[in-house]
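Engineer: I'd like to ask you about the structure that follows.
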Amino acid sequence: MKLLIKKGRIIDPINDLDMVGDILIEDGRIKEVGENIEELQTKVIRAEGYIVSPGLLDMHVHLREPGYEAQEDIESGTAAAACGGFTKVACMPNTDPVVDNAAVVRAILSRAQQVGSCRVLPIGCISKGQMGKELAEIGDMVEAGIVAVSDDGKPVADSGLMRKAMQYVKAFDIPVISHCEDPYLSSGGVVNEGLMSTKLGLKGIPNAAEEIMVARDIILAELTGTRLHIAHVSTAGSVRLIREAKKRGVKVTCEAAPHHFTLTDDYIKDYDTNTKVNPPLRTIKDVEAVIEGLVDGTIDVIASDHAPHTVEAKSLEYDHAPFGISGLETMVPLVVSNLIDKGILSWMEALRKLTKAPADILKVPLSGIAEGSPADITVIDPNNSRIVDPASFKSKGKNTPFKGMELKGWPVLTICGGKITHSSLDV
């Protein structure tokens, strides 16, 4: 099928392109980019006033399959991704069984090929069983198709094992993605340690629990020369440590999730378990530091940390409910409403953190909007304003603290490999 996207504002950080123009798609690839393209027998998509971007990449997603299909599965999770404007997602390995061997990697890729609405990039475990005792079969998993290793959901507490992992992965040139949390400092904590935790009588997780591990892993990355990526940065201290490390030339990158640059721990005051996330929502000082890190380039990537849960699980008491926010479908409007519309980031800067930067870190080919490239395209209506309604989510996870908020800038069309995987347009 031929598609012709007409008169959209094409913003492509990969090719440094910002123009109003047309894109002709044929046989799953971009055939032509230009102005006033005319083509017979073609489905035309009118994109005046819309932003047309290379397909977005979320490098931190929990698809839950295998093992936790009641929370999410590859079919529902990738449908949510497509609805959120994503054509690629990297999925974390804390499934059941965990992704610590090649067989599970191949099973995920096979399932994604069968039912996926976007491309799936598996991330393998650092340690066997995520137990933090011995290295997983990293070489076999690289051969099977992983793009990084991480024990996300659990920190690697053993510094010796983390050093071994960093040394071992150098041969494969994949990053180690670190969930930075000192389990001895965070043990039993459910919210940020501070005034709000004291007021509510909830056990807190101090900033130091994150920052100690950020510092340790930066030191190990400096020692080994390995590429380190720090997940879900949430504190002012972490941003400072990463900024200083980058200035020294350490091979460290990092990401922030929308809830960590939009919400503070004031939102936990009603004991809404949809605000329970790890790392927890922090103070306004931390939020401002994360935003500053996004602006000055300390924070390379915006990633959702999409962590869907069942309504029943999130209906438990705050102490017992699981951590996590269902984030794929609200990420783009949160970026538009809180960063772009406020003049904090330009469209080019924001889209770079959603396309080129994560692709570079994961070494995923991304040729952008150029002739001959795969037709992976996201179209966003920057003026589309609507209320967040989790009942309409494609994800099985309806757990969002943004319910009822009015957000602006929703994706209206997602094309993956030339196929329309999501559309709210009349096409």
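Engineer: At R0 = 25 Å, how high is the FRET efficiency between Asp96 and Tyr267 if r is their beta carbon distance? Nearest 0.05 is fine.
Structural biologist: Details: r = 30 Å, r/R0 = 1.22.
Efficiency computed from Cβ-Cβ geometry: 0.25.
Engineer: Oh, and also: Which semi-axis lengths, in whole Å and largest first, follow from the square roots of five times the eigenvalues of the Cα gyration tensor of the chain? Numbers along the way, then the final one.
Structural biologist: Numbers: eigenvalues 220, 118, 87 Å².
After scaling each eigenvalue by five and taking roots: 33, 24, 21 Å.
Engineer: Which cross-chain or sequence-distant (5 or more) residues have an amide H under 5 Å from the amide H of His60, H modelled 1.01 Å from N in plane?
Structural biologist: Hits under the 5 Å cutoff: Ala90, Ser304, Asp305.
Engineer: Non-local amide H neighbours of Gly8 (under 5 Å, H modeled in plane, Pro and chain starts lacking H): which ones?
Structural biologist: Counting only residues 5 or more places away or on other chains, the set is Gly21, Ala47.
Engineer: Then there is this: When DSSP beta bridges are limited to those with both residues in segment 56-362, what percentage is antiparallel, rounded to the nearest 5? Please list the in-between numbers first.
Structural biologist: On the way: 1 of 24 bridges.
Here the antiparallel bridges make up roughly 5 percent for segment 56-362.
Engineer: Could you work out which residue, out of Thr400, Thr253, Thr310, moves most in a Gaussian network model of the chain, that is, has the largest mean-square fluctuation with Cα springs under 10 Å?
Structural biologist: Looking only at Thr400, Thr253, Thr310, the biggest GNM fluctuation is shown by Thr310.
Engineer: I need the phi-derived Karplus couplings for segment 242-256: 6.51 cos²θ - 1.76 cosθ + 1.60, θ = phi - 60°, integer Hz, Gly and Pro marked x.
Structural biologist: Along segment 242-256, the couplings run 5, 4, 5, 5, 4, 5, 7, x, 5, 7, 10, 10, 7, 9, 10 Hz.
Engineer: Kindly rank 185-192, 196-203, 93-100 from highest to lowest mean number of other beta carbons found within 10 Å of each residue. List each step's numbers first, then the result.
Structural biologist: On the way: 185-192: 18.4, 196-203: 14.8, 93-100: 21.6.
Result, highest mean first: 93-100, 185-192, 196-203.
Engineer: Now for a different question. Distance between Cα centroids, segment 61-117 to segment 163-209: provide it in whole Å.
Structural biologist: 24 Å
Engineer: Cut-off is 10 Å between beta-carbons; in what order do Arg119, Arg386, Arg29 appear when sorted fewest neighbours first?
Structural biologist: Details: Arg119 22, Arg386 12, Arg29 15.
Taking fewest neighbouring Cβ atoms as first place, the list is Arg386, Arg29, Arg119.
Engineer: Based on the Cβ-Cβ distance from Leu40 to Glu371, what FRET efficiency comes out when R0 is 22 Å, to the nearest 0.05? List each step's numbers first, then the result.
Structural biologist: Values: r = 19 Å, r/R0 = 0.89.
Step by step, r from the Cβ atoms, then E = 0.70.
Engineer: Which links in Lys342/Lys408; Lys356/Lys403; Lys276/Lys408; Lys2/Lys31; Lys88/Lys356; Lys88/Lys363 stretch past 18 Å when you go from one Cα to the other? Don't skip to the answer; put the middle values down first.
Structural biologist: Values: Lys342/Lys408 12 Å; Lys356/Lys403 30 Å; Lys276/Lys408 24 Å; Lys2/Lys31 10 Å; Lys88/Lys356 12 Å; Lys88/Lys363 13 Å.
Flagged as over cut-off: Lys356/Lys403; Lys276/Lys408.
Engineer: Amide H neighbours of Glu32 under 5 Å, counting only residues 5+ apart in sequence or on other chains, H built in-plane at 1.01 Å?
Structural biologist: Under 5 Å from the amide H of Glu32 lie the amide H atoms of Leu24, each far enough along the sequence or on another chain.
Engineer: So if I place +1 on the C-beta of Lys and Arg and -1 on the C-beta of Asp and Glu, and nothing else carries charge, what would the dipole magnitude of the chain be about its Cα centre? I want it in debye, nearest 20.
Structural biologist: On the way: 46 positive and 59 negative charges, 52 e Å.
Rounded to the nearest 20 debye, it is 260 debye.
Engineer: Could you tell me which GluC sites (Glu not before Pro) in segment 16-119 are loop residues by DSSP with no more than 10 other beta carbons within 10 angstrom of their beta carbon?
Structural biologist: On the way: sites: Glu26, Glu32, Glu35, Glu38, Glu39, Glu48, Glu69, Glu72, Glu75; in loops: Glu35, Glu38, Glu39, Glu48, Glu69, Glu72.
Passing sites in segment 16-119 are Glu35, Glu38, Glu48.
Engineer: Gly132: net charge of surrounding residues, Cβ under 10 Å, Lys/Arg +1, Asp/Glu -1, itself excluded?
Structural biologist: Details: positive: Lys128, Lys133, Lys154; negative: Glu134, Asp151, Asp158.
So the environment of Gly132 carries a net charge of 0.
Engineer: OK, next. Under the definition of Cα pairs under 8 Å and six or more residues apart, what whole-number percent is the relative contact order of segment 56-362?
Structural biologist: Working: 656 pairs, mean separation 49.3, N = 307.
Answer for segment 56-362 is 16 percent.
Read-outs: derived from the displayed coordinates by stated rules, not from any lab. Bear in mind the structure is a predicted one, so any value in this text is a computation, not a measurement. All Cβ positions, even for glycine, are placed from backbone atoms using ideal geometry, and neighbour counts span all protein chains on display.
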